[in-house]
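What follows is a set of notes on a single structure, which appears directly below.
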Number of protein chains: 2
Amino acid sequence: MAGALKLEIAISVDGYVAGPNQSVENPLGEGGEGLHEWALKLQVWREQHGREGGEVNLSGELVEEALRGTGATIMGRKMFGGGPGPWGEDPWNGWWGDEPPFHHPVFVLTHHQREPLHLADTSFHFVSDGIESALAQAREAAGEKDIKLAGGAEACQQYLAAGLVDEIQLNVAPVLLGAGERLFDGVGADLRLEQTLVVHTPEVTHLRYRVGAGT
Amino acid sequence: MAGALKLEIAISVDGYVAGPNQSVENPLGEGGEGLHEWALKLQVWREQHGREGGEVNLSGELVEEALRGTGATIMGRKMFGGGPGPWGEDPWNGWWGDEPPFHHPVFVLTHHQREPLHLADTSFHFVSDGIESALAQAREAAGEKDIKLAGGAEACQQYLAAGLVDEIQLNVAPVLLGAGERLFDGVGADLRLEQTLVVHTPEVTHLRYRVGAGT
């Protein structure tokens, strides 16, 4: 399934992909860091972010597999960060510093045009003409590889509701957030899911579904 | 953990335990039957409901384990069925016919008093003085065994929010319902979860969590 659009996201047991009261200081919202604790411990995550040590387990194998298979990433403006509105003269360059961990083209959905941003071996392309355009550009950039839909909730909801997602992988962390952004808000009931993979460690369960068209 | 209150419920990938537009004709709501397809195929389920044949798999083992370990069930009035309000002169006796599949005492949360109902080896006790009273009565009835909190959403939410649930088992069916009753609405973020079991077949994933007190 090369060239597939794969949504992969960490989610709480109660269905949130970010906690309440998100801010620049707390981009994941209250409690949101609990969604990612399993990932931050992984050797593959630490290596990707220039750090040593870490755990080697089944979650790490999935992360490595995704890294190898992904040729482009799509994300929403909110995940890229920097607040809403025009980019301004000294624009926000993302959460990830001078060496972002993507190492491939990233397509950022935004209502506001902006020139591409190159940081080390990651390029950010700002797409203001819609999710289908972003997907077409990402697919072109990815070549034989897949496209990862990384978040946030709103971007995922748009692609899901449009029937453009080929695979969903939920990394279910054992936390309740109680409020925040729900992944499936407004997505409806038209998509058909086929459970294709379940992998778990004591700290997370990865649920993977192939997505088909509705009835 | 004998005498534990164990919430076990089928849930969609988008977090619903019943679909929209529930009615007497369609008590699970639109699409809600998709939550239970995996269960209806099981030999143990069919045997429990007086039918032959069926599949033997890991889901069936979990169901059998729960049957052996459960001494009482708690459910909400809505799950028992028959609509809201006083019971009337010819009261609703549940969805399950003359031989309900519980085979132990069932405690039904209701605002309206009613004498106990005995159907074969299942007894229904109507509790109108609150969830803690129902739990105390169920625990007394269960003896060394556990108590199953079976649904619906509102009953589960009340017990979860009160911190009375010891274990949560979500049977995640590969369906989206888009609307309906969400299990965790209003539960908040105070409960601590520890993932204790993940078991899956191609048709369902069982996620089990031990529930601890908040921070």
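B:ARG192: under 27 Å from A:ASN171 (Cβ atoms) and not hydrophobic (A, V, I, L, M, F, W, C), yes or no? So B:ARG192 passes the test. Could you list, in sequence order, all residues of the range B:10-27 that are surrounded by fewer than 21 Cβ atoms within 10 Å (Cβ to Cβ) and of a type in the set (A, V, I, L, M, F, W, C)? Once the filter is applied, which keeps residues that are surrounded by fewer than 21 Cβ atoms within 10 Å (Cβ to Cβ) and of a type in the set (A, V, I, L, M, F, W, C), the range B:10-27 yields only B:VAL24. Considering the conditions (1) open to solvent by less than 30 Å² (accessible area, probe 1.4 Å); (2) part of a loop (DSSP other than H, G, I, E, B); (3) of a type in the set (S, T, N, Q), A:SER59 is excluded by exactly one of them, (2).
Give the residue, chosen from B:ASP185, B:ASP98, B:ASP190, that is more than 9 Å from every other protein chain (Cβ to nearest Cβ) and part of a loop (DSSP other than H, G, I, E, B). Working first, answer last.
Details: B:ASP185 fails: more than 9 Å from every other protein chain (Cβ to nearest Cβ); B:ASP190 fails: more than 9 Å from every other protein chain (Cβ to nearest Cβ).
Testing whether each residue is more than 9 Å from every other protein chain (Cβ to nearest Cβ) and part of a loop (DSSP other than H, G, I, E, B) leaves just B:ASP98.
Total residues in the range B:136-180 satisfying the condition of being open to solvent by less than 20 Å² (accessible area, probe 1.4 Å) and either at pLDDT below 95 or among the basic types (Lys, Arg) (or both): the figure is 1. Please find, within the range B:1-52, the residue that is farthest from the other protein chains (Cβ to nearest Cβ) out of those that are part of a loop (DSSP other than H, G, I, E, B) and polar (S, T, N, Q). Among residues in the range B:1-52 that are part of a loop (DSSP other than H, G, I, E, B) and polar (S, T, N, Q), the one farthest from the other protein chains (Cβ to nearest Cβ) is B:SER23.
Only a single criterion out of (1) farther than 17 Å from B:ALA4 by Cβ; (2) not in a strand (DSSP E or B) is not satisfied by B:LEU135, namely (1).
For A:GLU65, the conditions (1) open to solvent by less than 20 Å² (accessible area, probe 1.4 Å); (2) within 18 Å of A:HIS103 (Cα to Cα); (3) without any contact (Cβ under 8 Å) to a residue 24 or more places away in the chain; (4) not small (Gly, Ala, Ser) are fulfilled apart from (1).
Which count do you get for residues in the range B:68-88 that are touching a Gly at 6+ places or on another chain (Cβ under 7 Å) and open to solvent by less than 20 Å² (accessible area, probe 1.4 Å)? Before you say what the answer is, go through the steps one by one.
Of the residues in the range B:68-88, the ones touching a Gly at 6+ places or on another chain (Cβ under 7 Å) are B:71, B:75-76, B:78-81.
Adding the requirement that they be open to solvent by less than 20 Å² (accessible area, probe 1.4 Å) leaves B:71, B:75-76, B:80-81.
Total meeting the criteria: 5.
Tallying residues that are part of a strand (DSSP E or B) and among the acidic types (Asp, Glu) within the range A:109-132 yields 0.
The values are calculated or read from the model by the stated rules, or taken from the named source; none is laboratory data. The structure presented is a predicted model; accordingly, all values stated were derived computationally and were not measured. Neighbour counts are summed over all protein chains in view; Cβ atoms, including those assigned to glycine, are modelled from backbone coordinates with ideal geometry. Keep in mind that these areas ignore ligands, DNA and RNA; they rest on the heavy atoms of the full protein, side chains included. Shrake-Rupley method; radii C 1.70, N 1.55, O 1.52, S 1.80 Å.
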